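The values are calculated or read from the model by the stated rules, or taken from the named source; none is laboratory data. Worth saying up front: this structure is predicted, and the values here are computed from it rather than measured. Here Cβ is always computed from backbone atoms with ideal geometry, including for glycine, and neighbour counts include all displayed protein chains.
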Amino acid sequence: MVEKESEPDDPIEMIGVELPHQTEEQLRDMALCFAEEFVREGWDKEKIILMFHHPFYQGPCMVWKQKGEDFWSS
């Protein structure tokens, strides 16, 4: 595999951003987007729910920490 240094204008360079506090609707939409992405990858319901509980998946885990288990039944 060829490796090279990233250039300042490299569009593939990974960039992290901090998300501000989300509204109820934004959290719901974000959770649905995360779930849809992994459904398309072939994940089943149980695996997706576990993903929301795992800190490695920071976005989904943030939704779960803020909204808790009752969020999924709404």
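Of everything in the range 38-61, what is under 18 Å from GLY16 (Cβ atoms), without any contact (Cβ under 8 Å) to a residue 24 or more places away in the chain and not in a loop (DSSP other than H, G, I, E, B)? Give them in sequence order. If the condition is that a residue be under 18 Å from GLY16 (Cβ atoms), without any contact (Cβ under 8 Å) to a residue 24 or more places away in the chain and not in a loop (DSSP other than H, G, I, E, B), then GLN58, CYS61 are the ones that fit. Out of GLU13, GLU5, GLU37, GLU18, one residue alone is under 23 Å from PHE71 (Cα atoms) and at pLDDT below 90. It is GLU18. Considered as a group, the residues in the range 62-72 that are hydrophobic (A, V, I, L, M, F, W, C) and surrounded by fewer than 16 Cβ atoms within 10 Å (Cβ to Cβ) include one that is nearest to THR23 (Cα to Cα), and that residue is PHE71.
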